[in-house]
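Report on the following structure.
The values are calculated or read from the model by the stated rules, or taken from the named source; none is laboratory data. Just so we're clear, the structure is a prediction, and the values are computed from it rather than from any experiment. Methodologically, a virtual Cβ is constructed for each residue, glycine included, from the backbone with ideal geometry; neighbour enumeration extends over all protein chains shown. These accessible areas exclude ligands, DNA and RNA; they are computed on the full protein's heavy atoms, side chains included. Shrake-Rupley method; radii C 1.70, N 1.55, O 1.52, S 1.80 Å.
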Amino acid sequence: MPAVPIISIIDDDASVRVATNRLVRSLGYVAHTFGSAKDFLQSPSMDDAWCVIADIQMPGMSGVELQSLLNAQGRYVPMIFITAFPEESIRTRALEGGAIGFLSKPFDSQVLIECINCALKKHG
C-alpha cells in the first residue's frame, strides 16, 4: 500500500467532488474521485482507499448501501458520509455500520478534516 494516504471521494455532484478533492489534496493526500458508487466499485484503485468520503443520496446505489456492501465483502474501509438530506434513521444506520462521520451539506471543512484524521488513525 502506498505511503501517502489515498482518499476516495464519491459524489454525484461534480462541484462537491471538485471542492472535496481540493481540500484532500491540500492536506497532502492523494484523492480519487468518482461520480457514483458503481464507478468506485469498478475502479482498479478501490482497494487502495484508506478512507472513503461518500454522499448518501446518489443515483443507483446510495452511500449507505455501498457501506453495507463493502462490510458484507469484508472490506472495512473507514467511511465519512456527507448529505444534503440529513435523516436521523439514515445517520443511525451509517454510524452503526461503522461510519466515522455523518456531515450535513454545506459542511465545515475543519470538521471534515477532523473526520479524515480520525479515519486515517483507524486505518493505520
* Hey, A99 at pLDDT 95 or above, among the small types (G, A, S) and at negative phi or not -> yes
* Name the pairs: first residue in the range 23-44 and over 19 Å from A119 (Cβ atoms), second residue open to solvent by less than 50 Å² (accessible area, probe 1.4 Å) and acidic (D, E), Cβ to Cβ under 8 Å, at least 6 apart or on different chains? -> G35/D11
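For the range 64-94, what are the residues that are within 22 Å of K38 (Cα to Cα) and in contact with a strand residue (DSSP E or B) (Cβ under 7 Å, 6 or more places away or on another chain)? Please lay out each step first, then the result.
Residues of the range 64-94 within 22 Å of K38 (Cα to Cα): 64-85, 90-91, 93-94.
Those that are within 22 Å of K38 (Cα to Cα) and in contact with a strand residue (DSSP E or B) (Cβ under 7 Å, 6 or more places away or on another chain): L66, Q67, V77, P78, M79, I80, F81, I82, T83, R91, A94.
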